Each structure stands twice: as C-alpha cells, then as structure tokens.
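The values are calculated or read from the model by the stated rules, or taken from the named source; none is laboratory data. Since we're looking at a predicted model, the values are computed, not measured. All Cβ positions, glycine included, derive from the backbone under ideal geometry; neighbour counts span all protein chains shown.
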Amino acid sequence: MNRKVLLEELPGASTNTICPLRLLLVYALRVGAVAATSYDALLDEVRGRRDGRLPWAHPEWPVVCFRSGNGGHLVPDVSVSILQLNDTIRALAGQAGIIESLSSHDLRRGAAKDLSQLPEAKLGSATVYVAEQLGHSEKARAAGITKNYIGAPTTGTWDLRVAAAKPDPFGITPTLVPFKATRNGPLVIAAFCEENGMDPRDSNARRRAGRALRAEARKAWESTVKEKPVAPLQERSASDINASVVGQSE
C-alpha cells in the first residue's frame, strides 16, 4: 500500500530551494508533466478545480525521471535509478563542501533526526496513548492496526523542521572550499581511454572514463580540504544560491 504524505508550501521566497511542493511543481512544468506552462497558471488551475487536485498530463510518467548521460537531458518516461540518485546527492554534497560520501538513505536519517527534536512529532501518529484509548494491545499497534485506524497524518512537519533547525555539534560540517567539478572535454576523455586500454570510440567506455575522471577529481579535492578548517553553516538567500549555480554551470 502506498503511503500518503502531506506536503505544504513553506512560507517566504527564501525557502524556494527547500520547499518540496514548489520544487515538485517547477519540475512538473519543466518536463511537461502538467498542461500549464507557467507557475501562476498552474496554481490558477488547481484553485479552479472543485477537488483541488492537479491532474498529471502523463499519469504513467514517474515522479522523478531519468537523466541521460549523453548531454544530460531528461527522459521523463523513465524512472531515475538509485545509482543516479546517489550520484546526484554526492555531487550536491561536494558543492556544499561536504567530504563524507552521502546516499539517499542519509536523507531519511536526517529527517528522522529532525523529527526526533520536535515536540509536535507525535501528532497524527499511532502512539501508545492512542492505542490505549482504542483498547489496542502493543502487539496490535506493532502490527499496524492502530495506524490503519487513524489513517494518514494530516499535519505536515516540513515547516516545523525548517523553523526548528539548529546546528548539530555531532553532525556533518562543510569545509571552506566546496568541490567544483570541471567538465572533461572529448580529448581528455579519449586520452584517458587510451591510457587505460579502453576504446575511445565506444560510448560506454567513454562514459566509464568520465566517471573515473570525476572520481579522481573528487578524491584530489578531499585530500586537499581534510586538513583545512570547516565552515560554519550560513543561511543564504535564493538569489545567492541561484548566482552560485549559474557560476558553476558556465
């Protein structure tokens, strides 16, 4: 059975880059998953519907699609692989100055840590108190019976987690120098293939060569920053983040 997750829009323009609802809608506009062609038109369409639903133009498409390695274009009808998802998370972590190798499950660990710090975290949950009031045994609660009674949570926690965010003295702290991956040109790729006994005319070999070169660059960056002081976490505006992303893409 699929879980039902409540997503609520975070207040303020400064939360654009971390608001899951806005990011999902912008992504849907970019890949053509909705009929609307602008964010305002999309919101007007939802407000105009009696059920408040946003119909997907292609219901068969996955929520997160695959990105082709050849040119990096999106393939909206193919689901993203766990390998590509983890590669993206590690790349973003490097841009944030994080040396540790992160994976998709670290997002769940971070969410669990956030939720454990919230006094409101038990709202809408199948707690021992709710089970006792229903006359359910601990065995029944552990089997999910109490959860089936109360249904999906109706209180979002993302805004509470953002508002309650505070530095973790035992958590990961980014370095002062973020990792900036450089694009390897065709001549560099071909030379690497020839040096390592790979056919430079084979697209799969060139793709492996590109991954190996990126891994070497990442390893070199890690070795240079491990002995340097770490940077305190700082709040950045949406314009600051957009400016840094544009600079890295040029």
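Has the range 68-82 got any residue that is farther than 30 Å from Thr182 by Cβ, of a type outside the set (Gly, Ala, Ser) and modelled with pLDDT of 85 or more? Checked against the condition, which is being farther than 30 Å from Thr182 by Cβ, of a type outside the set (Gly, Ala, Ser) and modelled with pLDDT of 85 or more, the range 68-82 yields at least one hit. Screening the candidates Pro153, Pro178 for the property of being out of contact with any Leu (no Cβ under 9 Å at 6 or more places or on another chain), at pLDDT below 90 and crowded, with 16+ Cβ neighbours inside 10 Å yields one hit, Pro178. In this structure, does Ala163 turn out to be loosely packed, with under 15 Cβ neighbours inside 10 Å and small (Gly, Ala, Ser)? Yes: the conditions hold for Ala163.
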